[in-house]
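No value in this document is a laboratory result; all are computed from the given coordinates. Remember, predicted model here, so these are calculated numbers, not experimental data. Backbone-built Cβ (ideal geometry, glycine too); neighbour counts: all protein chains shown.
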Amino acid sequence: MFEQTFKNIDDTLHKDAGCSSELDYTEQTSWMLFLKYLDDLEHEKSLNAELLGKEYKYIIDQEHRWTKWAAPKDAKGEFDHNNALTGDDLMDYVDTELFPYLKGFKQRAESPNTIEYKIGEIFGEIKNKIQSGYSLRDCLEKVDELSFRSQTEKHELSHLYESKIKNMGNAGRNGGEYYTPRPLIRAMIDVIQPKIGETIYDGAAGSAGFLCEAFDYLRKGGADKKPVSPNELKILQEDTFYAKEKKSLAYVIAIMNMILHGIEAPNVIHTNTLAQDLSDMQPSDKYSIILANPPFGGKERKEIQQNFTIKTGETAFLFLQHFIKSLKPGGRAAIVIKNTFLSNTEKAAVALRKELLENCNLHTVLDCPAGTFIGAGVKTVVLFFEKGSSTQNTWFYELDPGRKMGKTTPLNDKDLKEFVELQKSFADSGKSWAVKVDSLDASFDLSVKNPNVEEEMPLRDPTVIIAEIINLDEESKNILESIKGLL
């Protein structure tokens, strides 16, 4: 229904001098989509209030509503070109009046959990990069063609937006930063099996793919496929999903993605998660479930490292400490991390593996093939663990889809079906095996070594090979002398 509209918006942005990549296209589409969504939401709430004989108090004032400046309508309800700002007038209004007004909501909001605060956060971080007022006018008219007023429309828009995020992730080397393959997320959720009433957290939210998929899973009834009651839906909307994100663009995209999936006022905080001192963490900062794919590398500054027991510049190792601390007793986690974490001999890595095995039950490790994350260029594993008891056995599964992973051959749900089934009973197979923790060496090396695969013949010593060649040459020489003697 809306796919062509999205393509047309991208075409317009592609021609504008201010937008040069998929990241820019998604960013600029996001702020326009957000304002159109907000207008549709307010319109729907005002109609509901009218039916109840009440007056609805609008968030956005009359002068700054979508229908006033972006898409004015005439008496017949058709687009009013005579009253629509365009060119320099439109650019001047958006940059000097609209954005400052929207940014001001952050100071006027009652609390960070309100939609008003989110409006202020978004427009305090995002900038209008479109340089031509005529291009912006074109985009606004196309966005106005989209509608958020039915569940079917929201569902389609969420799928199209997910495609934009995927394209943005594939656009550069930082693909894994914005986009975790959805089949992998769904498999992680299937293993964790969240329930309504549990809190779910991602401290490195990116585009909020984990939380959106978890919301879809629970809204459809979870593992039992039981219909969700209105009260349970309210719990899902307001008191289930929590996230933090450091980067401005990802923060905006996370909010927009959660909104499109049906979470009206997402509990996403724009902050550096690692700036929180672990010793200051309160019970209110702890969650039932953590699903995340934290960034790696990064070399965090010394002052950030001081917030952690195990000091290291590796961002992923700091996030793993944060996640272990952020779990409630008995809480469950599924975390994507570089596979080198399992065998890294650095002091911090060894200490972190020791802490994980002693304070949590690392019951499952999923070894993902190269190419799982398009553009990321590293191999990853998924750690599944529960907080509160030490690890006795760890079950490994080596994922092998039987093909080289890439843009045209990405991971799919079928690839992970066997893993999800075998994991329920920690069954042994050609691709799975268990390791006893008391058999590990002093470095707690958890390297993925499938015992069911025969080791390749070891390489022979070069001196042995040379001696064999000399010997064969001697034999050949003797045979040729014998043949000459017969002639």
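Note the listed values [x] 1.06; [y] 1.01; [z] 1.21, then indicate which one is Cα Rg over 2.2 N^0.38 Å calculated from this particular structure. Computed from these coordinates, Cα Rg over 2.2 N^0.38 Å corresponds to label [z].
Among rounded, prolate and oblate, which fits region 16-140 when a ≥ b ≥ c are the square roots of the eigenvalues of its C-alpha gyration tensor, a/c under 1.5 means rounded, and a/b larger than b/c means prolate? Note, shape of region 16-140 comes out oblate. For PHE123, the shell of other residues with beta-carbons less than 11 Å away shows a net charge of +2, using +1 for Lys and Arg and -1 for Asp and Glu. Ordered by the number of other Cβ atoms lying within 10 Å of each residue's own Cβ, fewest first, THR29, THR312, THR114 fall into the sequence THR114, THR312, THR29.
Excluding the sites themselves, what is the longest stretch of the chain that contains no GluC sites (Glu not before Pro) in a DSSP loop with at most 10 other C-beta atoms within 10 Å?
Working: sites that count: GLU55, GLU78, GLU110, GLU454, GLU455, GLU456.
It works out to 111-453.
Excluding residues fewer than 8 places away in the same chain, name every one of the lysines whose C-alpha is closer than 25 Å to that of LYS15. Straight-line reach from LYS15, under 25 Å: LYS7, LYS36, LYS127, LYS129, LYS142, LYS164, LYS166. Ordering CYS368, GLY221, TRP69 by Cα displacement along the dipole of the chain toward the positive end leaves GLY221 in first place; charges were set at the Cβ atoms of Lys, Arg (+1) and Asp, Glu (-1). Based on DSSP H segments of at least four residues, each scored -39500 (n - 2.57), the chain has a per-residue ellipticity at 222 nm of -13500 deg cm²/dmol.
The local environment of ALA292, defined by Cβ-Cβ distances under 12 Å, has a net charge of -1 under the rule Lys, Arg +1 and Asp, Glu -1. Once you reduce region 1-70 and region 343-357 to the center of their Cα atoms, the two points are 48 Å from each other.
In this simple spin-label model, placing a label point 7 Å from the Cα along the Cα-to-Cβ direction at both GLU44 and GLU303 gives a separation of 4.3 nm. Pairs spanning more than 21 Å between alpha-carbon atoms, out of LYS118/LYS338; LYS68/LYS247; LYS118/LYS246; LYS195/LYS387; LYS354/LYS436: LYS118/LYS338; LYS68/LYS247. Each Cα pair under 8 Å and six or more residues apart adds its sequence gap; the mean of these over the residue count of region 48-137 is a relative contact order of 24 percent.
A simple spin-label model places pseudo-atoms 7 Å from Cα toward Cβ; at ASN83 and LEU51 they are separated by 2.7 nm. Each label was represented as a point 7 Å from its Cα along the Cα-to-Cβ direction; for LYS220 and THR409 these points are 2.7 nm apart.
In this structure, ASP92 and LYS15 have a Cβ-Cβ separation that, at R0 = 30 Å, corresponds to a calculated FRET efficiency of about 0.90.
By how many nm would the segment from SER482 to ALA427 lengthen if fully extended, with 0.36 nm per residue of separation less the alpha-carbon distance?
On the way: separation 55, 0.36 × 55 = 19.80 nm, distance 6.29 nm.
Full-extension gain reported as 13.5 nm.
For the pair LEU440 and ILE59 in one chain, pulling the backbone fully straight at 0.36 nm per residue adds 131.3 nm over the alpha carbon distance.
Sequentially through region 95-106, phi angles give Karplus couplings (6.51, -1.76, 1.60; θ = phi - 60°) of 6, 9, 10, 5, 4, x, 4, 5, 4, x, 4, 4 Hz, Gly and Pro residues having no value and appearing as x.
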